[in-house]
Amino acid sequence: MTDRRLIHLNQDLRQVMSKYPDLQVHYVNDWPYKISGRIEIFDTKKVKWGEFLIMIPVPPNYPNQLPEVYEISGIIPRIADRHMYPKGQACLTARPNEILIGQRGIRMIEFLDEYVVPFFANQIYFQSENKWANGEYSHGSYSIVEFFCQLFTTDKLDVLLRCLIIAIERMELPLNGKCLCGENKFLYGKCHWKAIEHASLIKRSQLMEYYSIINYYRLNPGMKPIDVDTEDDFEGKGST
Ligand SMILES: [Zn+2]
C-alpha cells in the first residue's frame, strides 16, 4: 500500500472511531489490518436494542472491495437462514452486488452505516419477530436471481436473460430503438439501457455464470432455492 493510500485509509478509520467509539483499530507495524469491538444497535427512538461483538478485516483492495464482517459474540446461529456463514461471517448482499460495490469503491464508514448496522438491526428484528424487517431475501444462488430481478425491474426470468445477453455481448443497441425486453413500449434509452450498462461493469465470464444460474431457475420454476454457499464457495470469494 502506498503512503497516500495509507493516509486515506487512516483518515477513514478515524472517522469510524469517532462515530463508533467502541470499535478499535488493530495495527501490525503501521498497517491497520482490522477493526474490532462492540457495535450497539438503537431503534429510531434511540432506545438500545442490542449489541454485538464484531471484527472487520481491512480488505487488501480497500476501498475497492466490500469488506467482510464477522460476528464474534456468537449470538447469531451460523446458519443459512440467518445469513451467516459457518465461520461467523455475515452474508450482507448478493454476490453480483458485492462486485459492483467493489468497482465503485466503499469507505469504511459507509460500510458500517449502510451494511453492518442494518444487518445487525435486522437480526435483532428477526430474533423477536421471526421475519426480516426488509422482507425476506435469499442466501445462496437464488440471491443472484433476486438481485437481477431488482436491477432489471422485472420478475420474468426470460426478460432477465435477454437483458443479460446484451450485457454479456456488450451489445451497443440504438438508444432510440425498441427495447429488447419486450415489456413495454419504451425506447431502449429510456428502458433497460442504464441497468444493462450497470450490469456490464461485471466481467463477462462472471455474467455468463449468473446467466446459467438464472436459466436453471427458469427451467425449473418449481425449484425452491435450497442450496447454500459451501465452504469452497466461501473461500473462492473475492477471486473475481
Ligand atoms: Zn426494456
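When TRP193, TRP49 are arranged by Cβ crowding within 10 Å, least crowded first, meaning fewest neighbours, the order is TRP49, TRP193. By how many degrees, between 0 and 90 and to the nearest 10, does the Cα long axis of helix 157-168 differ from the longest principal axis of the chain? It is inclined by approximately 80 degrees.
What the phi angles of the stretch 138-154 give under the Karplus curve with 6.51, -1.76 and 1.60, with θ = phi - 60°, is a coupling list of 8, 9, x, 5, 5, 4, 5, 4, 4, 4, 6, 4, 5, 4, 9, 6, 8 Hz, glycine and proline written as x.
Do any of LYS131/LYS194; LYS19/LYS48; LYS45/LYS87 go past 25 Å between their Cα atoms, and which?
On the way: LYS131/LYS194 33 Å; LYS19/LYS48 16 Å; LYS45/LYS87 33 Å.
Violating the 25 Å limit, Cα to Cα: LYS131/LYS194; LYS45/LYS87.
Derived scalar couplings between HN and Hα for the stretch 123-128 equal 5, 5, 4, 4, 4, 8 Hz in order, rounded to whole Hz, by the Karplus curve 6.51 cos²θ - 1.76 cosθ + 1.60 (θ = phi - 60°), x for Gly and Pro.
Computed over the chain, the alpha-carbon pair-distance distribution with 5 angstrom bins reads 1, 6, 12, 15, 16, 15, 12, 10, 7, 4, 1, 0, 0, each value a whole percent.
Taking amide H atoms as placed 1.01 Å from N in the peptide plane, the amide H of GLN65 lies under 5 Å from those of ILE106, each 5 or more residues away in sequence or on another chain. Here the 3J(HN,Hα) profile of the stretch 95-100, calculated from phi with Karplus coefficients 6.51, -1.76 and 1.60 at θ = phi - 60°, is 3, x, 5, 4, 5, 5 Hz, Gly and Pro shown as x.
The distance linking the stretch 98-117 with the stretch 125-184 is 21 Å (Cα centroid to Cα centroid, whole angstrom). Each of ILE165 and ALA133 was given a label point 7 Å from its Cα along the Cα-to-Cβ line. The distance between the two points is 4.2 nm.
Once you sort the root eigenvalues of the Cα gyration tensor of the stretch 106-162 as a ≥ b ≥ c, which label holds: rounded (a/c under 1.5), prolate (a/b larger than b/c) or oblate (the other case)? List each step's numbers first, then the result.
Values: a/c = 3.15, a/b = 1.55, b/c = 2.04.
Here the stretch 106-162 falls in the oblate category.
We did not get these values from a lab; they are worked out from the coordinates using the rules stated. All values derive from a computational prediction rather than experimental measurement. Using ideal geometry, Cβ is built from the backbone for each residue, glycine included, and neighbour counts are taken over all protein chains shown.
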